[in-house]
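Below is one structure, written out as structure tokens, with a few remarks after it.
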Amino acid sequence: MLIVMAIVAMVVSVIGFVVTLILNAFVLDDYDAYGEVAIPGSRTLQLPAGEVTVSFHTVVIGSPKGGLPVPPLRVSIGAPDGVPDPQLTENFGSTTTVNSDARVRVWVMQVPVAGAYTITTDGEVNGYISPRLAFGHDSSYGWVAWLFGGIFALAVVDIVIGTVWLARSKRTVTASPTPYPVGAAPPVSYLPTDDGVRLEQLRTLAALRDSGALTEAEFQSEKRRILDGR
């Protein structure tokens, strides 16, 4: 039963992991939550404090093999008065393509203070259709994939434990039982001798006489017959 439950848990965890990855990539990943800026172009966006993802977003014909190639890009960010400039860190992600729409994360930006930031973009984007930079955030449900991964790992451990326990149980059942202590000789059966049979018969006669079932004369007669071996 333990192994069966573990196998079911493994199947559920694999399905859940795959579904979560798909949802995070195509549905829950709000890559353009704070807006987009055309390349080249300039626009003021309202950004929250904390981490903001910056993705290269364009229209493609067909699905790009090997991922969406990212051209040389340049971006400058004007912070509100008295606010430090946000820090950009290169952080390439995997390409996500839905129909003819493709995007790939190129930077992660740390915004010190929420406010309106003026973003100016430029780059070598000849040949790209409607290129732009999208500002948003990753899915907030990424931890669900890790949860299913943990369930899968626990299921593997349960299978190992169940397999070991089952093997030991089979060895215990199939082991030959020892009817007497190891090293001791088996009990020997003895057949009763003639004297033993006569002694038992005399005891029976005495009991019958004492109970009144036999008279003293009958007892003496049967006793002599037994002793004579007739």
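Some values worked out for this structure:
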{"quantity": "Distance (nanometres) between label positions extended 7 Å along Cα→Cβ at GLU51 and ASP30", "calculated": "1.6 nm"}
{"quantity": "Loop-located trypsin sites (Lys or Arg not before Pro) in segment 32-126 whose Cβ has at most 10 other Cβ within 10 Å (DSSP)", "calculated": "LYS65"}
{"quantity": "Residues LEU227, LEU133, LEU205, LEU214, sorted so that the one with the fewest Cβ neighbours within 10 Å comes first", "calculated": "LEU227, LEU214, LEU205, LEU133"}
{"quantity": "FRET E, pair THR118, ARG74, Förster distance 25 Å, beta-carbon r, rounded to 0.05", "calculated": "0.95"}
{"quantity": "Gain on full stretching of the segment that runs from LEU147 to ASP81 - 0.36 nm per residue minus C-alpha separation", "calculated": "19.5 nm"}
{"quantity": "HN-Hα J in Hz across segment 154-171 - Karplus 6.51, -1.76, 1.60, θ = phi - 60°, x for Gly and Pro", "calculated": "5, 5, 4, 4, 4, 5, 4, 4, x, 5, 5, 5, 5, 4, 5, 5, 5, 5"}
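Taken together, the values in this text are just the output of simple stated rules run on the coordinates, not laboratory data. Not measured: the values here are computed from a predicted model. Note that we place each Cβ from the backbone using ideal geometry, even for glycine, and neighbour counts take in every protein chain shown.
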